[in-house]
Amino acid sequence: MASSPVPEAGLTEYERRRQENIRRNDAIIASLRRQAAELSASLRPAKRPKKQPPRANPASPVVLRRSLRTRGLPPSGSSDAPAASSPPAPPTPTKPRDARFSSSLASGMVLRPADVRRVVPERILSVRILPLADRTVVVAGNKVGHIGFWDVDGVVEDEEDGADGMFEYFPHRGAVGSIVVHPAAPRKIYSCSYEGEICLMDVEKENFDMIQLCDYPVYSLCQAPKSPSCLYFGEGNEVKLFDERAGKVSSAWNLHDNRINSIDFHPENPHLFATSSTDRTACVWDMRSMKKKGPEKLKVFEHSRSIQSAYFSPSGSMLATTRAGNILDDTVQIFNVDNFDVSYIMKHYNQTGRWLSTFKAIWSWNGTDLIIGNMKRAIDIISVELTESSLSASNKASLQSEHMTAIPCRFSLHPYKVGHLACASSGGKVFLWTRA
């Protein structure tokens, strides 16, 4: 039989009961807090970025997983097929993967119903296929700071963790403007946001580290072909160099009068890079002649409207810019890098409006075709022909499918699987085209 509590000396009956109620309430609150902590630990919420820079190990493989159900296997996990293994970090590709690839992409690519996924909610502003030699993993960032992963052909050990090969994180407070991954370090995924955040994700640990917090929005990221430890980003109208080895910004150059929409390095010449800006210009720069005050431009392309992108072809022989303004100014312009005076202007309807991500033409694997979205829920293929004295382009092919239920705005090529093309929409869906 439990003994009655001994009345505390000097306290009235009312004060004694009051003290007992206080102790009992404190015990109840402590118990509720413990239960809430245990529940939060079991749920795996979206991870917020940390302030400390990560300690990355480039030798570690990328490990992502996919559920057995999406692989068509029974819950027991029995299968005659061998288990997929993570490939080593592949070398940096500096040449087209297949120079013989036909310019008529539409005749050899298909979109299957199983290759359509809603990777994130809301509009996608950036999409990237990870540079893995024998796997397809798509990463997409949306306008509210979410980053989603679609592991198309991976393995999931836990059926409840990453069903359908989908993983979603919330590392940013604003729109994810760009995602880059260097082929020599595929486990390091950089992302930036309009809130000025630059994060580095460790794929194995599934955590994002904020490596840089900028005062102005960051719209573009880029890494030089042979420099996986260097990250170039456009903050406002400046291009800055973040050195991962030093853990800080080592250089900054004021290059434009307005925000920088894209940064792209020449695939063969590590000193040459191009930028595009809302100030209606695209510029080519030489890193060897960059100065903190008044960097020297190698070439300036002026337009009447903002330029959304400027990308070198895989061989480096051409540069393509995408311009969006009114109907008369909507163009894709291609330049001969050996002689910038030789160019060709291709009319293309780029009026995406405020609810769609802007179009940005990218080069295909063969280096002679451009891929860009079409407002009729299709993908336009612009074929480019370059000779010593002339340059021409034509839009005679397109990719269309009944399964592409939204307008494709942003694109990414698989660097090792010719014919694997990911295109993202403003509804959060990713459509993965593959070879027929």
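The values are calculated or read from the model by the stated rules, or taken from the named source; none is laboratory data. Everything numeric in this text was worked out from a predicted model, so none of it was measured. With ideal geometry, Cβ positions are generated from the backbone for all residues, glycine too; neighbour counts draw on all protein chains shown. The area values use the complete protein model at the heavy-atom level, side chains included, leaving out ligands, DNA and RNA. Shrake-Rupley method; radii C 1.70, N 1.55, O 1.52, S 1.80 Å.
Of note:
- Where trypsin sites (Lys or Arg not before Pro) fall in DSSP loop in region 211-248, at most 14 other Cβ within 10 Å: Lys226, Arg245
- HN-Hα J in Hz across region 350-364 - Karplus 6.51, -1.76, 1.60, θ = phi - 60°, x for Gly and Pro: 10, 7, 7, x, 7, 9, 10, 5, 5, 6, 9, 6, 10, 7, 7
- With both labels modelled 7 Å from their Cα along Cα-to-Cβ, the Ile29 to Glu122 distance reads 3.5 nm.
- Loop-located trypsin sites (Lys or Arg not before Pro) across region 259-356 with a Cβ neighbour count of 15 or fewer within 10 Å are Lys291, Lys292, Lys293, Arg354, with loop assigned by DSSP.
- Scattering curve values for region 195-325, log₁₀ I(q)/I(0), Debye with Cα scatterers, q = 0.13 Å⁻¹: -0.53
- Ser426 sits among other residues whose Cβ lies under 11 Å from its own Cβ, and their net charge, with Lys and Arg +1 and Asp and Glu -1, is +4.
- Region 222-308, accessible surface, carbon-and-sulfur percent (1.4 angstrom probe): 42 percent
- Overall, the accessible surface of region 344-436 at a probe of 1.4 angstrom is composed of carbon and sulfur to the extent of 48 percent.
- Per residue, the accessible area of region 270-360 comes to 45 Å², computed with a 1.4 Å probe over protein heavy atoms only.
- Net +/- balance of residues flanking Val181 in space, Cβ distance below 11 Å, scoring K and R +1, D and E -1: +3
- Taking a ≥ b ≥ c as the square roots of the eigenvalues of the alpha carbon gyration tensor, region 292-436 is prolate, as a/c is not under 1.5 and a/b beats b/c.
- Cα gyration tensor shape of region 310-363, rounded if a/c is under 1.5, else prolate or oblate by comparing a/b with b/c: oblate
- By accessible area with a 1.4 Å probe, ligands and nucleic acids excluded, highest first: order of Ile147, Ile345: Ile345, Ile147
- Rounded, prolate or oblate (a/c below 1.5 giving rounded, otherwise prolate when a/b exceeds b/c) for region 166-230 by Cα gyration tensor: oblate
- Placing pseudo-labels 7 Å out from each Cα toward the beta carbon at Gln351 and Glu268 gives an inter-label distance of 4.0 nm.
- Relative contact order (%) - region 358-436, alpha-carbon pairs under 8 angstrom, separation at least six: 23 percent
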